[in-house]
Amino acid sequence: MHIPDGYLSPSTCATLYAFAATGWYSALKRIKRMLATRAIPLISVLAAFSFVVMMFNVPLPGGTTGHAVGVTVAAIVLGPWGSILAISIALAIQALFFGDGGITTLGANCFNMAVVGSFVACGVYRLAAARSGIRSRRRVLAAAIAGYVSINAAAFVTALEFGIQPTLFHDGSGTPLYAPYPLHVAVPAMMLGHLTLAGLAEAVISAGMVSYLQRADLGLLGEAGNLATGSAPIPAMVNNGRSLRRLWWAVALLLVCTPIGILAAGTAWGEWSSADLMNAKTRAQIEAASGNHAPPVSVPTGLQKLSTVWTAPFPGYAPRFIKSPAFGYSLSAMFGAGLLVVVSLTARVIGRRPNARNPRP
Amino acid sequence: MTTAYDVADISFAYDGIPAIRGLSLRIERGERVALLGANGSGKSTLLRVLDALCFPPTGSVTFQGNPLTQECFHRDGFSLDFRRQVALVFQNPDVQLFNPTVFDEVAYGPLQLQWEKEELVRRVEATLASMAISHLRDRPPYRLSGGEKKRVALASVLVLDPEVLLLDEPTATLDPKSQSQVIDLIQQWKGTSKTVVTATHQLDIVEDIADRVVVLEAGTVIATGTPSEILSNADLLLRANLIHAHRHSHGPIVHSHPHFHGHSHHEH
Amino acid sequence: MSQHSFIESTLQAFTGAFSKALQSEHTANQPGLLQLLDPRVRVIGMLALVVSVIICRRLDVIAALLLTTVLIAVASRVSLVSLATRVWFVILGFTGLIALPALFLIPGTPVFVLPALRLSVSAQGLRTASLLVLRVETAATLTTLLVLCTPWTHILKALRSLRLPAEVVTMLAMTHRYVFLLIETANQMFESRQSRAVGKLPGSEQRKVTARTAGVLLSKSIELSHEVYLAMLSRGFHGEVYLLNDFRMRLRDYLGLTAFICVGGLAAWMGR
């Protein structure tokens, strides 16, 4: 699942770096707040651990082997934020020191495996484990499911990134410039390998480790989880903000999927401009889409007047300086989502009560 | 102020398992003390208490008259002073060598104390030379032998010129040559103002490295005295699990006698 | 990969990691072109070239960049044989295989037809496959060169002076340092397991072994992190991270930097 340099276009790389960077920045702040000085050795050693686990050949049912990522274990032990950092660091070392996975695609790899992987793993684990006892078999099963789902979620996002490349980035003659296979080829191709091998490997490692920890070292799994004795509870086990995190993840996923909208041809029903109503060709289209009722012969005066009041900065979802309509589309989506984020964060800050809870490490 | 440490009736437990119970101890400045005890007797924990890495919930610990409590260490001035004055060499060198290269490792302490750069580099180079490891300055820790790691660990604390040296099993797992190098170093400090506390279970080095021996067993002090006093007390050593008793038979007669593996001293 | 050798191949991966590290150390000490430059210039320069490879849309320009990279490799005393085995053949196998179907799947003007299979290769398919393979090869060669010629600590310090936060650099350094310790630990566990094996284990047993090793490794890791934390505190760590910056730019570094930027910029412009 490690994407090498050359498979993704520069703009895709840059966008995914931005997403990943948001994840890193948030994770760093939270971990520092939760763990203060203990964060550095803890995250580092766990990153080293996940790096080594990535090297394991995990024997799978059917006589094959696969490789795990370890993101599920990291997420269970450290919580999603700690896991984002640990896995990202492991991936960075793989890329920078061992040449495994690209440099321009490090942002993408971190987003797919560290960010998406961690949140999905955490979410699924908590959902599946619910309120079961810390020693119950249900937790082991929950870990297996979380492992399987998180790897496949990461693989799916990766496949999406691959799949949109030929549509968005090709030259005049139709040659794809980066990853050459469209969505309907990329998705099944990627998912096949992960639904069968990598997902299982992750499930095996995650379940095996939870089972081992249940017998050997409960502290690492506990709800009141204290990794460093006497310090604040691990981020994972603090439940507030969980739904917010899921929302973030959903938004991020939607952002990635926006270019699919280009595939829908024409204009949505009812969203016609005055220019559309005057053009004979579009009038014919409107009539056909309206159960064969012809649109009014002249543009209604109300529409005419109001349409000059406001000119959007990005008419048609394509900023004028962006040549490719598809890229313009995604850019607008990002911009729009970003604007929403800024507005909501501002509202949150304004509305926050003073003396918010801040556990001392 | 001639007392380095005054430890009064402390107890400490890890996760409910007691490591130290009702321990009292006094260490004077310039003393070389050996903490003698088997594994699990509480030696390492005591060293960590002396280095203010653990704070016992009961009893008191004072260093040069100042109490060592968690609150004191929130004051930056006191904390940094203490860290410079007291140095702990961990038993496992891999724990202590957490920097990318040997040079970085030795420079770590001075960097945390924010020494000026030129002085820092000069002192680091000097320390590397004095420990004969200058040729290792750019090596990463995973490419060092056990003896080299130990010397780097020592260099990394000696660069700060501490007044108190706490050594946790400094000769364990070392080859004979490296062992003698470490022992030589400790012997050099005899008669200086440096206070040295060495935790060990190796009886054969005690005479060389200490003027006073404190015997620990099950988390408390069971005896103190000079090396010759302690080492000649076979019953004590047996009780502290520092020597074992052999049983062997001569025909129908079976007798057991205490026996320890040590090096023999040659009279010159 | 058959199951009875799953320990074997894991052990091989471990050995591979160590040998890569050693090879790096050896090459970094050679008196070559890259080694002469300030690490920051190396990092920025090589990364600039990687970026221009990704931006480029023309096959000939990318090929020229690859040639330039090979020349840099030779000038830096990097063995082309090791590059071939470590990078080129691996990528040819992996990316080559991925790109192969593109020859037939991408629609466009047919270039030639495979009579036996009645599949036609399109010009677009040929071009896209070549672009992909060439890009991946060149970018990978550049990063491998950078890593081979620069000690890890210098890469970190270069990243630091490029404004990466000090805590992140410290974490990267510490992780790298402990990767080798953990590999050794895992190595020992697997080796002792292997020496005790009598015949082939059933699948579930094998999975248990793997999971157990991972579990022990995790426990040891956490314990190690506690101890390292205490060691850090003992030497004066109080939350801030201070690093020693001892890089100075000389004339040749400025020249090198200019050269990199020019080549990269030219390639990006010509290949747009």
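Among the residues of the stretch C:116-153, write down those that are out of contact with any Asp or Glu (no Cβ under 9 Å at 6 or more places or on another chain), in contact (Cβ under 8 Å) with a residue 40 or more places away in the chain and in a loop (DSSP other than H, G, I, E, B).
C:THR150 - this is the single residue of the stretch C:116-153 that is out of contact with any Asp or Glu (no Cβ under 9 Å at 6 or more places or on another chain), in contact (Cβ under 8 Å) with a residue 40 or more places away in the chain and in a loop (DSSP other than H, G, I, E, B).
I'd like to check which helices (runs of 4 or more DSSP H) are fully inside the stretch B:97-162 and have at least 3 residues that are closer than 19 Å to B:LYS177 by Cβ. Break it down into steps so the answer makes sense when it comes.
Details: elements: B:102-112, B:117-130, B:146-158.
It comes to B:146-158.
Looking at (1) more than 9 Å from chain A (Cβ to nearest Cβ); (2) farther than 17 Å from A:GLY6 by Cβ; (3) polar (S, T, N, Q), which is the only condition C:SER52 fails?
Only one criterion is unmet by C:SER52, namely (2).
Hey, could you check the stretch A:24-69 for residues that are of a type in the set (Lys, Arg) and more than 9 Å from chain C (Cβ to nearest Cβ) and say which is farthest from A:MET1 (Cα to Cα)? Steps first, answer last, please.
Just the residues of the stretch A:24-69 that are of a type in the set (Lys, Arg), to begin with: A:29-30, A:32-33, A:38.
Now restrict to residues that are more than 9 Å from chain C (Cβ to nearest Cβ): A:29-30, A:33.
Values: A:LYS29: 28, A:ARG30: 27, A:ARG33: 32 Å.
Filtering the stretch A:24-69 for residues that are of a type in the set (Lys, Arg) and more than 9 Å from chain C (Cβ to nearest Cβ), the one farthest from A:MET1 (Cα to Cα) comes out as A:ARG33.
Here is a yes/no grid of residues against (1) surrounded by fewer than 18 Cβ atoms within 10 Å (Cβ to Cβ); (2) closer than 23 Å to B:PHE98 by Cα; (3) in the same structural domain as A:THR167 (by TED's automatic domain parsing); (4) in contact (Cβ under 8 Å) with a residue 60 or more places away in the chain:
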{"residue": "A:ALA18", "(1), (2), (3), (4)": "yes, no, yes, yes"}
{"residue": "A:LYS32", "(1), (2), (3), (4)": "yes, yes, yes, no"}
{"residue": "A:ALA36", "(1), (2), (3), (4)": "yes, yes, yes, yes"}
{"residue": "A:ALA39", "(1), (2), (3), (4)": "no, yes, yes, no"}
{"residue": "A:SER44", "(1), (2), (3), (4)": "no, yes, yes, no"}
{"residue": "A:PHE49", "(1), (2), (3), (4)": "no, yes, yes, no"}
{"residue": "A:PHE56", "(1), (2), (3), (4)": "no, no, yes, yes"}
{"residue": "A:PRO61", "(1), (2), (3), (4)": "yes, no, yes, yes"}
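Does the stretch B:95-123 hold any residues that are touching a Pro at 6+ places or on another chain (Cβ under 8 Å), over 19 Å from B:ASP81 (Cα atoms) and not acidic (Asp, Glu), and which are they?
B:LEU97, B:PHE98, B:ASN99, B:PRO100, B:THR101, B:VAL102
Taking into account only those residues within the stretch A:96-127 that are farther than 14 Å from A:ALA146 by Cβ and without any contact (Cβ under 8 Å) to a residue 40 or more places away in the chain, which is surrounded by the fewest Cβ atoms within 10 Å (Cβ to Cβ)?
Among residues in the stretch A:96-127 that are farther than 14 Å from A:ALA146 by Cβ and without any contact (Cβ under 8 Å) to a residue 40 or more places away in the chain, the one surrounded by the fewest Cβ atoms within 10 Å (Cβ to Cβ) is A:PHE98.
Quick check on my filter: what residues within the stretch B:121-157 are among the basic types (Lys, Arg), under 23 Å from the mean Cα position of the chain (by Cα) and within 13 Å of chain C (Cβ to nearest Cβ)?
Step one: list which residues in the stretch B:121-157 are among the basic types (Lys, Arg), which gives B:122-123, B:137, B:139, B:143, B:149-151.
From the residues that got through so far, the ones that are under 23 Å from the mean Cα position of the chain (by Cα) too are B:149-151.
The one that is among the basic types (Lys, Arg), under 23 Å from the mean Cα position of the chain (by Cα) and within 13 Å of chain C (Cβ to nearest Cβ): B:LYS149.
Counting only residues that are within 12 Å of another protein chain (Cβ to nearest Cβ) and either on the phi > 0 side of the Ramachandran plot or touching a Lys or Arg at 6+ places or on another chain (Cβ under 6 Å) (or both), how many does the stretch B:1-56 have?
Number of matching residues: 4.
Which residues, taken from the stretch B:92-120, are more than 10 Å from B:ALA153 (Cα to Cα) and more than 8 Å from every other protein chain (Cβ to nearest Cβ)?
B:PHE103, B:PRO110, B:TRP115, B:GLU116, B:GLU118, B:GLU119
Hey, which of the helices (runs of 4 or more DSSP H) in the stretch C:154-272, taking only ones fully inside, have at least 1 residues that are under 20 Å from B:PRO100 (Cβ atoms), touching a Lys or Arg at 6+ places or on another chain (Cβ under 8 Å) and within 9 Å of chain A (Cβ to nearest Cβ)?
On the way: elements: C:166-196, C:203-234, C:251-270.
Hits in the stretch C:154-272: C:166-196, C:203-234.
Among the candidates A:THR15, A:THR104, A:THR64, A:THR22, which residue alone is out of contact with any Ser or Thr (no Cβ under 8 Å at 6 or more places or on another chain), more than 19 Å from C:GLU167 (Cα to Cα) and modelled with pLDDT of 90 or more?
Within the list A:THR15, A:THR104, A:THR64, A:THR22, the selection yields A:THR104.
Quick one: in the stretch C:64-115, of everything that is among the aromatic types (Phe, Trp, Tyr) and assigned to a helix (DSSP H, G or I), which residue is nearest to the other protein chains (Cβ to nearest Cβ)?
Here is the first cut: in the stretch C:64-115, the ones among the aromatic types (Phe, Trp, Tyr) are C:88-89, C:94, C:104, C:112.
Still in the list and also assigned to a helix (DSSP H, G or I): C:88-89, C:94, C:104.
Values: C:TRP88: 12, C:PHE89: 14, C:PHE94: 8, C:PHE104: 11 Å.
Filtering the stretch C:64-115 for residues that are among the aromatic types (Phe, Trp, Tyr) and assigned to a helix (DSSP H, G or I), the one nearest to the other protein chains (Cβ to nearest Cβ) comes out as C:PHE94.
Could you check the stretch A:1-100 for helices (runs of 4 or more DSSP H) lying wholly inside it with 2 or more residues that are over 27 Å from A:LEU160 (Cα atoms) and small (Gly, Ala, Ser)? Show your work before the answer.
Working: elements: A:10-35, A:39-53, A:71-98.
Per the criteria, A:39-53.
Taking the criterion of being assigned to a helix (DSSP H, G or I), more than 9 Å from chain A (Cβ to nearest Cβ), within 16 Å of the chain's Cα centre (by Cα) and of a type in the set (D, E, K, R), would at least one residue in the stretch C:17-33 satisfy it? Lay out the reasoning, then the answer.
Here is the first cut: in the stretch C:17-33, the ones assigned to a helix (DSSP H, G or I) are C:17-28, C:33.
Remaining after also requiring more than 9 Å from chain A (Cβ to nearest Cβ): C:18-19, C:22-23, C:25-28, C:33.
Then keep just the ones that are within 16 Å of the chain's Cα centre (by Cα); that gives C:18-19, C:22-23, C:25, C:27-28.
Still in the list and also of a type in the set (D, E, K, R): C:25.
Yes, some residue in the stretch C:17-33 is assigned to a helix (DSSP H, G or I), more than 9 Å from chain A (Cβ to nearest Cβ), within 16 Å of the chain's Cα centre (by Cα) and of a type in the set (D, E, K, R).
The values are calculated or read from the model by the stated rules, or taken from the named source; none is laboratory data. Bear in mind the structure is a predicted one, so any value in this text is a computation, not a measurement. Please note: Cβ atoms are built from the backbone with ideal geometry, for glycine as well, and neighbour counts cover all protein chains shown.
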